[in-house]
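Derivation of every value follows stated rules applied to the coordinates shown; laboratory data play no part. Because the structure is predicted, anything quoted here is derived from the model rather than measured. Here the Cβ is made from the backbone with ideal geometry for all residues, glycine too, and neighbour counts use every protein chain on show.
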Amino acid sequence: MSRGGRAVALLVVTLVAVGAVAAYALWPGDDRAGRGGVQASLAVSAALGSGDLSGFARATAPRPFSFPADSGPHPEFRTEWWYYTGNLETAAGRHFGFQLTFFRTALAPPAARATDRSGPSPSAWSARQLYLAHFALTDTAGRRFHAWSRLDREALGLAGAQANPFRVWLEDWSAESDAPGGLPVRLRAAEGDVAIDLVLASEKPVALQGDRGLSQKGPEPGNASYYYSLSRMTARGTVRAGGEALAVSGLAWMDREWSTSALGPELVGWDWVALQLDDGRDVMLYRLRRRDGTADAHSAGTLIAADGATRPLAASDLTLEALDHWTSPRSRVRYPSRWRLVIPDAGLDLEITPRLADQELIVGTRYWEGAVGVVGAAHGHPIAGRGYVELVGYGER
């Protein structure tokens, strides 16, 4: 659930899964299974390969971006998300990874909503938008991974998004800013004895992904998203794990996408990688996986220089090779786990390793997303870094 670089909206998959009660299997006591303790078995490809997209706007050409307006919602498109991930450490070096993501989906296109004047006035509980949020924390030293999901309607103030002042929220999970430009932003989420309270400030300008912010995900017109990133954000605040509040600092990444798109019938999922290197460069790439296991030609990425300059990466500009695998004890799905990434023109030869093997979310849909460490070489010299990886669509038939 790309964060950014995603082929399609993980939101649609999860919302369909939440409604498909028959697809659930109960896993009591597993805090990564969402509020109802449910594990979804809905296939990503099945959920995203269908649906009526008529009446929604489509991403068909580059457009100017405007802030803070584009920090807020775009209800003319079917789906969008605000995706925050990051790596944090205490002063003593204890590591945590976090994910806080908000998704919006429209229940009907704007034209249909505007013309529906029949019947009695809607109740205060009626809503035109649904919001979903995922919150996850990787406690590396404690060898624990926690994940939760929430879903609610845009009604009675339960969930929503706005541009100025910037705020996106679902109950008491939120990302918000009082600053005119929407930065710095404060993230807050808590569930049980796990919580984050972080302030993120960007060290680089907005990075427009793809063609000036138009990220094409397939050959069909409109099978694309508008996509930008804040690839290097300083993060400071507190993490609560096991009831203990710890001061932390580190780096975070924010992805923003909105689209009206569907997963093509030849695709089964995607791998998304976002890395922050110690030489100041950042790397984002997504590999769209075809049913035969090969990478689709629309797989792409971006190399972001220390000064924020961007360079697009085509699938032919890099290689991403799985070096190991891990099998989930809950879902029995086998995921790649440890990779070699080579970008010859950038002089990069990197090895990417999960901070924990088990960072699988089972929260209305199933996917792996977790904190990773990076070591390797840049133009023959040692380099290190950190980042996040998302793996969607594994184990589906």
First check a/c for segment 234-328, with a ≥ b ≥ c the square roots of the eigenvalues of its C-alpha gyration tensor; if it is under 1.5, answer rounded, and if not, answer prolate when a/b is larger than b/c or oblate otherwise. prolate
Can you tally the net charge around R240? Count Lys and Arg as +1, Asp and Glu as -1, for every other residue whose Cβ sits under 12 Å from the Cβ of R240. -4
Computed ³J(HN,Hα) along segment 258-271: with the Karplus parameters 6.51/-1.76/1.60, θ = phi - 60°, integer Hz and x for glycine or proline, the list is 9, 6, 10, 8, 9, 6, x, x, 8, 9, 10, x, 7, 10
How much FRET efficiency would the formula 1/(1 + (r/R0)^6) give for S66 and R188, where r is the Cβ-Cβ distance and R0 is 35 Å, rounded to 0.05? 0.85
Neighbour-limited loop hits for GluC sites (Glu not before Pro), segment 160-198 (at most 13 other Cβ within 10 Å; DSSP other than H, G, I, E, B): E171
Would you work out which of S249, T319, A305 lies farthest towards the positive end of the dipole of segment 242-337? Charges go on Cβ: Lys and Arg +1, Asp and Glu -1. T319
